[in-house]
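Colleague: Below is a structure I'd like to ask you about.
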């Protein structure tokens, strides 16, 4: 079963794939800001919960080790009890010592094997959880970078359009107020005044 973060990432990817392209462009798309903001807001809210979930998985390592220690101690206690029973039988004292040492050795080896297996299992779980969490965060980072890049492209396109409009306005003003010939330099103040009046009338 996939996590909510994975579902949100899929929804964002589907939303981006479903967006319409800008006119005369095969790469730039038109994004509904409110909708993409809502998806990103939910993604931001769900990310801490998913991380806590995998932190809980990692914390189970101690529970696994504690259980392994308990089993190992139980084996050793059982071996010790069995050893004491053998020692108490005087007629087989020597054999009892030998058997007791063998039982204790076997129990110790089994206990160590349980601890080793438990440690390996816990470490594998921790590594898998960290890799999965890192993968999710990498997807989120890629999505944010893509969103920021798209936003910057839209802003640059908008500024380019404004500059073009500004150039057109400046060209129109020059056509309305052509420079006066050199012979009318003396009347430049009056011409400027008339030009200003014309500009005000045009506005």
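Colleague: Based on the mean of other beta carbon atoms within 10 Å per residue, what is the order of 29-35, 104-110, most packed first? It would help to have the intermediate numbers written out before the result.
Modeller: Details: 29-35: 11.4, 104-110: 14.3.
Highest-to-lowest ranking by the protection proxy: 104-110, 29-35.
Colleague: Turning to a different aspect of this structure: Please compute the alpha carbon radius of gyration of the range 4-162, then divide it by the globular-protein estimate 2.2 N^0.38 Å. Two decimals is fine.
Modeller: Working: Rg = 30.5 Å, N = 159, 2.2 N^0.38 = 15.1 Å.
Working it through for the range 4-162, the quotient is 2.02.
Colleague: Suppose R0 equals 25 Å; then what is the FRET efficiency for residue 87 and residue 109 from their Cβ-Cβ distance, rounded to the nearest 0.05? Write down the numbers at each step before the final one.
Modeller: Working: r = 21 Å, r/R0 = 0.85.
So the FRET efficiency works out to roughly 0.70.
Values in this text are rule-based calculations from the coordinates and carry no lab data. As the structure is a computational prediction, the values presented were derived from the model and not from experiment. As a convention, Cβ positions derive from the backbone with ideal geometry for all residues, glycine included, and neighbour counts pool all protein chains shown.
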